1. Filter segment 25-60 for residues that are farther than 22 Å from ILE90 by Cβ and either surrounded by fewer than 24 Cβ atoms within 10 Å (Cβ to Cβ) or without any contact (Cβ under 8 Å) to a residue 12 or more places away in the chain (or both) and give the result.
2. Go through segment 205-249 and report how many residues are touching a residue at least 24 places away in the same chain (Cβ under 8 Å), small (Gly, Ala, Ser) and either in contact with a Pro (Cβ under 7 Å, 6 or more places away or on another chain) or closer than 24 Å to ILE144 by Cα (or both).
3. Is at least one residue of segment 99-115 in contact with a strand residue (DSSP E or B) (Cβ under 6 Å, 6 or more places away or on another chain) and modelled with pLDDT of 95 or more?
4. Tally the residues that are of a type in the set (A, V, I, L, M) and either in a helix (DSSP H, G or I) or within 13 Å of the chain's Cα centre (by Cα) (or both), restricting the search to segment 161-183.
5. Only one residue in THR96, THR110, THR118 is over 28 Å from ALA223 (Cβ atoms), among the polar types (S, T, N, Q) and out of contact with any Asp or Glu (no Cβ under 6 Å at 6 or more places or on another chain), so which one is that?
6. Kindly list, by first and then second residue, each pair from a residue in segment 94-107 that is surrounded by 10 or more Cβ atoms within 10 Å (Cβ to Cβ) to a residue that is of a type in the set (A, V, I, L, M) and assigned to a helix (DSSP H, G or I), limited to pairs with Cβ atoms under 6 Å and residues at least 6 apart or on different chains.
7. Just give me the residues in segment 48-84 being of a type in the set (Asp, Glu) and part of a strand (DSSP E or B), in sequence order.
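The values are calculated or read from the model by the stated rules, or taken from the named source; none is laboratory data. Keep in mind the model is a prediction, meaning the values are calculated, not measured. Here the Cβ positions follow ideal geometry from the backbone for every residue, glycine too, while neighbour counts run over all protein chains shown.
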Amino acid sequence: MDKLQGKVALITGGNSGIGLATAKLFKESGAKVIITARSASTYQKAQAEYGNQFDIVQTDVSKPSELDRLYDHIRAKYGKFDILFANAGIAMFRPTSDSDESFFDAQFDTNVKGLYYTVAKALPLLNPGSTVVLNSSTIKDKGIAGSSIYSATKAAVRSFARSWTAEIPVAHVRFNVLSPGLIDTPIYAKMGMPAEQTEAFSAGIKANLPARRFGSSEEIAKAALFLASSDSSFLCGSDIVADGGFGQI
């Protein structure tokens with residue numbers, strides 16, 4: 001596969017889950033791939049396991065100063081780049097009555113502010129004809145108890161793609177959204193719910209899911225490759241929903 005031959009791609013949160021599967025597929029497709037890991041521990045783990053495959057930079061996207069350091073690295077090493085998959089995000093679920101300011105801020109700081117500045121600070125470094133893929137979620141369009149804050153962050157991501165498509169010439173950058181459904185990734189262990197509650201949540205979703213299963217990170221990576229490559233050349237401001245039918249019925 002050579003769909004991304006000669007391209008340089010940045011994947012935030014590329015050290016696990018959808019991001020890692022996409023990094024592997026982009027590399028197989030010919031791209032030089034930069035991935036980020038949020039903390040010192042995740043960076044060290046990613047460096048030990050994947051340092052020979054990817055250029056790895058420790059970056060917490062919720063902190064603009066760390067994004068500046070990331071882009072200084074890219075500028076110095078590559079000059080410019082061609083593909084941005086703004087994938088880094090967190091998911092936590094609580095009833096509104098149990099949510100507090102820190103719970104709200106953690107998700108908006110990463111999923112909204114972090115993604116916004118990931119893109120805004122990348123724009124001067126993106127080559128003409130670049131592609132930006134924004135990772136949202138099918139939950140942005142669904143009413144699910146306990147998801148009010150997370151769903152709102154992902155709805156903001158969808159809105160960004162529309163606004164940027166109207167604002168920035170498509171000949172310079174194409175913006176599209178990838179909205180996964182329930183995917184079997186480590187993020188579910190980090191949702192902030194007890195294990196039994198997470199299992200009950202998962203079982204309830206599967207029971208009403210036409211596909212009767214969660215998707216895989218590799219399946220979502222294929223959709224990301226489509227959006228990142230010239231195969232999707234006439235898609236601008238679009239939202240590709242890969243959710244096993246969850247949001248479609």
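1. If the condition is that a residue be farther than 22 Å from ILE90 by Cβ and either surrounded by fewer than 24 Cβ atoms within 10 Å (Cβ to Cβ) or without any contact (Cβ under 8 Å) to a residue 12 or more places away in the chain (or both), then LEU25, LYS27, GLU28, SER29, GLY30, LYS32, ALA48, GLY51, ASN52, GLN53, ASP55 are the ones that fit.
2. Here the count works out to 9.
3. Step one: list which residues in segment 99-115 are in contact with a strand residue (DSSP E or B) (Cβ under 6 Å, 6 or more places away or on another chain), which gives 115.
With modelled with pLDDT of 95 or more added as a condition, the list becomes 115.
Among the residues of segment 99-115, at least one is in contact with a strand residue (DSSP E or B) (Cβ under 6 Å, 6 or more places away or on another chain) and modelled with pLDDT of 95 or more, which makes the answer yes.
4. Taking segment 161-183 and keeping what is of a type in the set (A, V, I, L, M), we get 161, 166, 168, 170-171, 173, 177-178, 182-183.
Narrowing further to those that are either in a helix (DSSP H, G or I) or within 13 Å of the chain's Cα centre (by Cα) (or both): 161, 166, 177-178, 183.
Adding up the residues that qualify gives 5.
5. Details: THR110 fails: over 28 Å from ALA223 (Cβ atoms); THR118 fails: over 28 Å from ALA223 (Cβ atoms).
Result of the check over THR96, THR110, THR118: THR96.
6. Listed pairs, sorted by first residue: PHE104/ILE149; GLN107/ILE149.
7. The initial filter retains those residues of segment 48-84 that are of a type in the set (Asp, Glu), namely 49, 55, 60, 66, 68, 72, 82.
Within segment 48-84, ASP55, ASP82 qualify.
So that you can scan it fast, the table gives a plain yes or no per residue for (1) of a type in the set (Lys, Arg); (2) in a loop (DSSP other than H, G, I, E, B); (3) under 15 Å from the mean Cα position of the chain (by Cα):
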| residue | (1), (2), (3) |
| --- | --- |
| GLN5 | no, yes, no |
| LEU10 | no, no, yes |
| ILE18 | no, no, yes |
| THR36 | no, no, yes |
| TYR43 | no, no, no |
| ALA46 | no, no, no |
